[in-house]
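Have a look at the structure below, then the notes.
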Amino acid sequence: MIREVIVLAGGFGTRLASVVQDLPKPMAPVAGKPFLQYILDDLSEQGMQRCILAVGHLRQVIMRYFGDVYAGMELVYSEEEEPLGTGGGIRQAVGYLQGDEAFVINGDTFFGVDLRSLESFHHSHDGSLTLALKKMYRFDRYGTVETDDSGSITAFLEKQYREEGLINGGVYCLHRSVFTDDLPKVFSFEKEVLEVQFREGHLFGQESEAYFIDIGIPEDYERAQTEMLSRPAFDASWTLFLDRDGVLNTRIPGDYVRNPAQLDILSGVPESLAALSEIFGRVVVVTNQQGIGKGLYAEDDLALVHEKLMQSVRQAGGRIDAVFFCPHLSGDPMCDCRKPAPGMAMQAKKHFPEIDFSRSVMVGDAASDIRFGRDLGMYTVAIQDFPIILADESAPTLSAWATSLKQMKFL
């Protein structure tokens, strides 16, 4: 089992100069503490015992702040007296390893990858180097990576605008043998190592839905301030409200889930609800179901759909305490329960008087879900591929949001 990690902490932070001065980029303050501290905390929680910090620019700031031991990890400093390039810096740090394998982490990016999963994937493919990949949407800042069904990387594509694609998330699992004796003192890891391993067929990639933030530009640095601070400390006094279609199960375009056979529960949802059930006192589903009002299915049919959903969640060790639905047509002047109207929330509070809307979270994939939550004073989470709905935060899937909660120490 790999217990050593190299963190690349020598960045100059040129693009952050307008907002962060006289600090190495990984020490940029985020929500009251250095960005690097979030990375080291996560590494410690994942069982790392020895961390080699590859430092250069203003390295004394890092060395004075963290010392030789942090969060139970031994800290070793690989000091660059002159810039060695990304490859030279990693190779020098590899010289401090006690074993042959290690994880390598970018110090200006937080990507909460499950390192044990990455290690298992790496060993199962018998490769020399494995990348953690992150799916991004509507972006032009990063180059993209393509893989085949086995996880073997088949292409690196240049930066350009893309609707979606996998990027190199800056987390690696590698064997020291990737650094051959013929490499120069100063070299690029991307050009001289990744591309060589790619050509030789030894390079693999594993996609992760884990929380990702890169503080390399001022806009994302500011976003990190919000995302790493403003999320409340959820506990059993909080209630989790969930929309159904698009959050828990696949939405059927132009139609409705009319019977259990049509219910396609999204990947990871039962397991995510098992984890979320451990923290939230109540878990409640609120769903607009105007298909009933249109006469397409009956309330008894809907009950069978929800029993299938709840049974799947129970089998994974989680729970849904109740499901509330609105059967009325959109625009019905007598309806007070179709989201964003508050009726279903009021029904939930009648069933569970301890519910406090100011200590509740609404997770949905539509503007009506977010308005429903905001109007009641709830914390709101938009499930969406890219930010289009004004919510307190967003995530591509419920599973990704649950994972980010765990990584930010709320589970």
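The values are calculated or read from the model by the stated rules, or taken from the named source; none is laboratory data. Values in this document were obtained by computation on a predicted structure and should not be read as measured data. Glycine also receives a Cβ, built like all others from the backbone with ideal geometry; neighbour counts cover every protein chain displayed.
Observations on the model:
- Qualifying position, being under 17 Å from Ile213 (Cα atoms) and surrounded by fewer than 13 Cβ atoms within 10 Å (Cβ to Cβ), among Asp126, Asp140, Asp100: Asp140
- Residues of the range 235-254 satisfying the condition of being out of contact with any strand residue (DSSP E or B) (no Cβ under 9 Å at 6 or more places or on another chain) and either free of Cβ contacts under 8 Å to residues at least 24 places away in the same chain or assigned to a helix (DSSP H, G or I) (or both): Pro253, Gly254
- For the condition crowded, with 18+ Cβ neighbours inside 10 Å, modelled with pLDDT of 90 or more, closer than 28 Å to Glu192 by Cα and small (Gly, Ala, Ser), Gly88 qualifies.
- Count of the range 333-343 residues which are surrounded by 15 or more Cβ atoms within 10 Å (Cβ to Cβ) and either touching a residue at least 60 places away in the same chain (Cβ under 8 Å) or among the charged types (D, E, K, R) (or both): 2
- Counting only strands (runs of 3 or more DSSP E) wholly contained in the range 71-190, the ones carrying 2 or more residues that are among the polar types (S, T, N, Q) and either more than 29 Å from Ser404 (Cβ to Cβ) or outside the structural domain of Trp401 (by TED's automatic domain parsing) (or both) occupy 144-147.
- Close pairs (7 angstrom Cβ cut-off, 6 or more residues apart or separate chains): touching a residue at least 24 places away in the same chain (Cβ under 8 Å) in the range 301-322, buried (at least 18 other Cβ atoms within 10 Å of the Cβ) and small (Gly, Ala, Ser) anywhere: Gly318/Ser277; Arg319/Ser277; Ala322/Ala348
- Residue within the range 267-277 that is in contact with a strand residue (DSSP E or B) (Cβ under 8 Å, 6 or more places away or on another chain), modelled with pLDDT of 95 or more, small (Gly, Ala, Ser) and assigned to a loop (DSSP other than H, G, I, E, B) present: no
- Filter result for Pro232 (outside the structural domain of Ala402 (by TED's automatic domain parsing) and in a loop (DSSP other than H, G, I, E, B)): yes
- Here Asp108, Asp140, Asp100 are screened, and the one residue that is in contact (Cβ under 8 Å) with a residue 60 or more places away in the chain and under 24 Å from the mean Cα position of the chain (by Cα) is Asp108.
- Here Ala71 does not qualify as within 21 Å of Tyr172 (Cβ to Cβ) and in contact with a helix residue (DSSP H, G or I) (Cβ under 7 Å, 6 or more places away or on another chain).
- Within the range 184-220, the set of residues being more than 30 Å from Ile383 (Cβ to Cβ) and surrounded by fewer than 16 Cβ atoms within 10 Å (Cβ to Cβ) comprises Pro184, Lys185, Val186, Ser188, Glu190, Lys191, Glu195, Arg199, Glu200, Gly201.
- Residue match in the range 387-402 (condition: surrounded by fewer than 19 Cβ atoms within 10 Å (Cβ to Cβ), out of contact with any strand residue (DSSP E or B) (no Cβ under 9 Å at 6 or more places or on another chain) and either free of Cβ contacts under 8 Å to residues at least 40 places away in the same chain or not aliphatic (A, V, I, L, M) (or both)): no
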